[in-house]
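Peer 1: Encoded as structure tokens, here's the structure I'll be asking about.
Please treat every number below as a calculation from the coordinates, not as lab data. Since we're looking at a predicted model, the values are computed, not measured. In this analysis, Cβ positions are derived from the backbone assuming ideal geometry, glycine residues included, and neighbour counts consider all displayed protein chains.
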């Protein structure tokens, strides 16, 4: 039994007052949890890769990335492109760290994080540029106010959000096991949006430097890098949220198409409203009156979803505790933020500093809870093998933590 220090490293904990409005009903009776046995052989690793998605989509990213680099070098020039990229990295780093905080409870595989960022930064931009080129070749580019309005408020939101939303849908289709709920959808959608904003910012910052030097570049960076780094993140996160909510309810690929379209419509409306406020209205006034409240609502929604993830983890691990795999104290430690902090602090006091083992214990226990949840909602009929491996891993981690 692992019991963290109950002194300064541990906070009192009371059970959460759930279910919440985000709680998901179970569609099957919970299957019995097998009684624990002492592992007699080396623990096998749990598969954590979606190799098919990585291979073909990685190749596409490399190909289109080369094309985009050539486009920027030819259209803008190497000097301005490099300056734009350096400036665009600053808001990207901030957004990425914020999304990693959202994703801390049950981190997504690194490969899928790279795929999401790459899709937004490369594929989505390539699609948007390709559609724009086709429209120009078909009807020409209008210099009238009406033409600018259609391009900014209609064409850009529809084309860009569809391009980004396809990335979220493909991640769900190709790596469904790691797309468990709304938080996953927000993370994947947010990463795709962050990647798109990064490449778009390169162009904006580079053109600002060419047209107006440091003064215009500073003003552009203030608007896009400081006031609105989360704009594209929020738009595409709406699509991801809708898809993740359907996934949490056990929907099949065909079943998530309707929610995906609904989320896509919400993302397009938000994007069109944002572009319209910059084009037609008092941008700073609308930003203060509407965009900031919308961002605060977004943050509040993410916090509520994180709380629901913690509730589900606690509920599922509680079922394993009832079968003897964990103690109630361990469930308390593994399924709450304060408990995890206390567990890591306790691990630092052990001989040899066993924080790495504790992190693995927490990660495997969280993955175990997610695997059982997928079985309960009918999303994974082969979860037994993963469950056995994760139970072996948690048992091995416990033994390593308690070893003399």
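Peer 1: Working out 0.36 nm times the residue gap between residue 338 and residue 150, then minus their Cα-Cα distance, what length gain in nm do you get to one decimal?
Peer 2: Difference between extended and current length: 62.6 nm.
Peer 1: Under a point spin-label approximation (7 Å from Cα along Cα-to-Cβ), what is the residue 60-residue 400 distance to one decimal in nm?
Peer 2: Computed distance between label sites residue 60 and residue 400 equals 3.7 nm.
Peer 1: For semi-axes √(5λ) of the Cα gyration tensor in Å, pick the label among [x] 61, 22, 18; [y] 32, 26, 21; [z] 43, 22, 21 that corresponds to the value derived from the coordinates.
Peer 2: [z]
Peer 1: Using a 7 Å offset from Cα along Cα-Cβ at residue 290, what residues in the stretch 226-263 end up with backbone N under 20 Å from the label point?
Peer 2: Counting backbone N atoms under 20 Å from the label point, the list is 227-239, 263.
Peer 1: Rounded, prolate or oblate: which one fits the stretch 248-351, using the alpha carbon gyration tensor with axes a ≥ b ≥ c (rounded when a/c is under 1.5, else prolate when a/b beats b/c, else oblate)?
Peer 2: Judged from the Cα gyration tensor, the stretch 248-351 comes out oblate (a/c at least 1.5, b/c at or above a/b).
Peer 1: Let me ask another. Set the Förster distance to 35 Å, then compute FRET efficiency between residue 222 and residue 134 from the Cβ-Cβ distance, nearest 0.05.
Peer 2: Given R0 = 35 Å and the Cβ-Cβ separation, E is 0.55.
Peer 1: Roughly what angle does helix 231-248 make with the longest principal axis of the chain, taking Cα atoms, 0 to 90 degrees, to the nearest 10?
Peer 2: Result, in degrees: 40.
Peer 1: By its C-alpha gyration tensor, with a ≥ b ≥ c as the square roots of the eigenvalues, how is the stretch 309-402 shaped: rounded for a/c under 1.5, else prolate for a/b larger than b/c, else oblate?
Peer 2: Cα axes put the stretch 309-402 in the prolate bin.
Peer 1: Considering only 210, 202, 186, give the residue with the highest GNM mean-square fluctuation for the chain, with springs between Cα atoms whenever their separation is below 10 Å.
Peer 2: Fluctuation is largest for 210.
Peer 1: On a full-extension model of 0.36 nm per residue, what is the gain between residue 211 and residue 282, subtracting their alpha-carbon distance, rounded to one decimal in nm?
Peer 2: 23.2 nm
Peer 1: Let me ask something else about it. Angle, helix 182-221 long axis vs. longest principal axis of the chain, Cα atoms, 0 to 90°, nearest 10?
Peer 2: With both axes taken from Cα atoms, the answer is about 30 degrees.
Peer 1: Still on this structure, I have one more. Ordered by packing density, taken as the mean number of other Cβ atoms within 10 Å over each peptide's residues, highest first, how do 306-312, 81-87, 396-402, 190-196 rank?
Peer 2: 190-196, 306-312, 81-87, 396-402
Peer 1: Based on the Cβ-Cβ distance from residue 141 to residue 359, what FRET efficiency comes out when R0 is 56 Å, to the nearest 0.05?
Peer 2: Efficiency for this residue pair is about 0.55.
Peer 1: While we're looking at this one, here's another question. Please give the calculated 222 nm ellipticity per residue for the chain, where each DSSP H segment of at least 4 residues contributes -39500 (n - 2.57) and the sum is spread over every residue; nearest 500 deg cm²/dmol?
Peer 2: -23500 deg cm²/dmol
Peer 1: Next up: Based on the mean of other Cβ atoms within 10 Å per residue, sort peptides 349-361, 164-176 so the most packed one is first.
Peer 2: Ranked by mean Cβ neighbours within 10 Å, highest first: 164-176, 349-361.
Peer 1: Another question about this same structure. Let me have the relative contact order for the stretch 309-402, percent, based on Cα pairs under 8 Å that are six or more residues apart.
Peer 2: Taking the mean separation of contacting Cα pairs over the length of the stretch 309-402, I get 28 percent.
Peer 1: Can you give the angle from 0 to 90° between the axis of helix 337-348 and the longest principal axis of the chain, with both taken from C-alpha atoms, to the nearest 10?
Peer 2: The angle comes out at about 70 degrees.
Peer 1: Based on the Cβ-Cβ distance from residue 385 to residue 329, what FRET efficiency comes out when R0 is 22 Å, to the nearest 0.05?
Peer 2: Calculated transfer efficiency: 0.15.
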